[in-house]
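Take a look at the structure set out below.
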Amino acid sequence: MSKSESGSNKMWGGRFAQGPDAIMEAINASIGYDRRMAPQDIEGSRAHAAMLAAQGIVTDTDAEAMREGLLTVLSEIEGGTFAFSTALEDIHMNVEARLTEIMGPAAGRLHTARSRNDQVALDFRMWVRDQCDAAIDALPRLIGALVAQAEAGADWVMPGFTHLQTAQPVTWGHHMLAYAEMFARDLSRFTDARRRMNECPLGAAALAGTSFPIDRDMTAAALGFDRPSANSLDAVSDRDFALEFLSSASLCAMHLSRLAEELVIWSSAQFRFVRLSDRWTTGSSIMPQKKNPDAAELLRAKIGRIFGAQTALLMVMKGLPLAYSKDMQEDKEQVFDAADSLMLALAAMTGMVADMTAEKDNLEAAASSGFSTATDLADWLVRELDLPFREAHHVTGTLVRMAEEAGVDLPDLTLDQMKSVHDGITEDVFGVLGVHNSVASRTSYGGTAPDNVRAQVARWKELLA
């Protein structure tokens, strides 16, 4: 049965002779969680009342009483004095019942020319839109924290990894800005999703529109939408706006989890790349030396809730015919939880990044080990000796093996040792083997050179301003 046809016996009207069984009432009710949409529900109803009066569908007196009564209901909800009823199923019926107590039977006119189907579609869309706005507000703060780290360490060297094995040296600033780019794309996805969802479903009624002379443009504008939705079936049927929010949230969460993983690794005694502040760590009940990166670990775990929410809602929606099915009552809890988890994760990561201290000396020591400048040596052989890259790769590999067997790094080999592998090598080769020389040489656009990092920091600071 449709949302507009279900409810308590009182709300169903004469069609049903008996009230719902207790178990049916429990499975049918959503007030335990959809009460979160009370501000959106009341805002939508106030706009609807104003439009009904403007179109002459209800009197100005009734409309004004509805609008004032709805503000009273909102203040009771926000003040914690509102008595929610499971028997009334959802936030819409709870609000309407209380409005009836406040102003009498005329409150029933509020539901003219709308259904709970378009009402819930409106409330949920507005709630999700608010969550997009919250993410759009939070992400620049995280990006700003990363940019501040990048500016402080624009020329600090650290190992760059592939397969978590030392690859080539990079700068700390370059590594921080990699995440800034990722979160910037997340920001653009939330912005895009918000733009697409900004169509107003109010006025679609149950599924076919209404015969009343409503003004959907008026309600759309009053509620901050760009336009009313163009198809009444689509307006009440789809939840792709919530799925797109969850998709954007999942991608953002994945980036948060990757950074959290690095903070866990980097703060370990084996790496000692960063120190996390006391605000974001805990101790051990038995081991006094421990400083555990609990915030990063919990953030890493919470990400699974966001991924799960997207999958759950896809499963709800995947087999539903048009228009409304009661299955769609199960569209909200996971979205609420995912939004909470995302905002908590964004706030925690912003705090951790802003407070953490990069251990410059440890970063440089790690960058100087593991033959991280081997690629620079191979490039030098190509550039200076005109060797084919594959031959240069082989010569470099031989030198790496020689250094490894001697227990030293590449810059510690003597010129004679290098010449024993290829006679053309000269003293100039040592100019490319230092990690600072290595990063300074990576001047291609998007490369790790300190000057590049500083230019990108300036760009980011301008964008964020």
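Numbers at a glance
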| read-out | value |
| --- | --- |
| Per-region count, the stretch 337-347, residues surrounded by fewer than 19 Cβ atoms within 10 Å (Cβ to Cβ) and in contact with a helix residue (DSSP H, G or I) (Cβ under 8 Å, 6 or more places away or on another chain) | 4 |
| Residue in the stretch 334-348 that is without any contact (Cβ under 8 Å) to a residue 12 or more places away in the chain, among the aliphatic types (A, V, I, L, M) and over 30 Å from E89 (Cβ atoms) present | no |
| Any helices (runs of 4 or more DSSP H) falling wholly within the stretch 368-435 and containing at least 2 residues that are open to solvent by less than 80 Å² (accessible area, probe 1.4 Å) and of a type in the set (S, T, Y) | 389-406 |
| Hey, M93 farther than 20 Å from R258 by Cβ, in a helix (DSSP H, G or I), hydrophobic (A, V, I, L, M, F, W, C) and in contact (Cβ under 8 Å) with a residue 12 or more places away in the chain or not | yes |
| Counted residues, the stretch 344-363 - those being assigned to a helix (DSSP H, G or I) and touching a strand residue (DSSP E or B) at 6+ places or on another chain (Cβ under 6 Å) | 1 |
| Elements of type helices (runs of 4 or more DSSP H) contained in the stretch 188-297, each with 2 or more residues being farther than 30 Å from G308 by Cα and touching a strand residue (DSSP E or B) at 6+ places or on another chain (Cβ under 7 Å) | 216-222 |
| Selection from the stretch 40-66 of residues that are in a helix (DSSP H, G or I), free of Cβ contacts under 8 Å to residues at least 60 places away in the same chain and either open to solvent by less than 60 Å² (accessible area, probe 1.4 Å) or touching a Pro at 6+ places or on another chain (Cβ under 7 Å) (or both) | I42, R46, A53, D62, A63, A65, M66 |
| Residues (farther than 18 Å from A148 by Cβ and open to solvent by less than 70 Å² (accessible area, probe 1.4 Å)) located in the stretch 446-465 | G446, G447, T448, A449 |
| Pairs where the first residue, in the stretch 176-199, is closer than 19 Å to Q131 by Cα and the second is open to solvent by 60 Å² or more (accessible area, probe 1.4 Å) and among the hydrophobic types (A, V, I, L, M, F, W, C), C-beta under 7 Å, 6+ apart | D186/L251; R189/L251 |
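For (1) within 17 Å of H48 (Cβ to Cβ); (2) open to solvent by 30 Å² or more (accessible area, probe 1.4 Å), each residue gets a yes or a no:
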{"position": "V73", "(1), (2)": "yes, no"}
{"position": "G79", "(1), (2)": "no, yes"}
{"position": "L88", "(1), (2)": "no, yes"}
{"position": "H92", "(1), (2)": "yes, no"}
{"position": "G108", "(1), (2)": "yes, yes"}
{"position": "A113", "(1), (2)": "yes, no"}
{"position": "R116", "(1), (2)": "yes, no"}
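The values are calculated or read from the model by the stated rules, or taken from the named source; none is laboratory data. Nothing here was measured: the structure is a model prediction, and the numbers come from that model. Here Cβ is always computed from backbone atoms with ideal geometry, including for glycine, and neighbour counts include all displayed protein chains. Side chains are part of the model used for accessible areas, which takes the heavy atoms of the whole protein and leaves out ligands, DNA and RNA. Shrake-Rupley method; radii C 1.70, N 1.55, O 1.52, S 1.80 Å.
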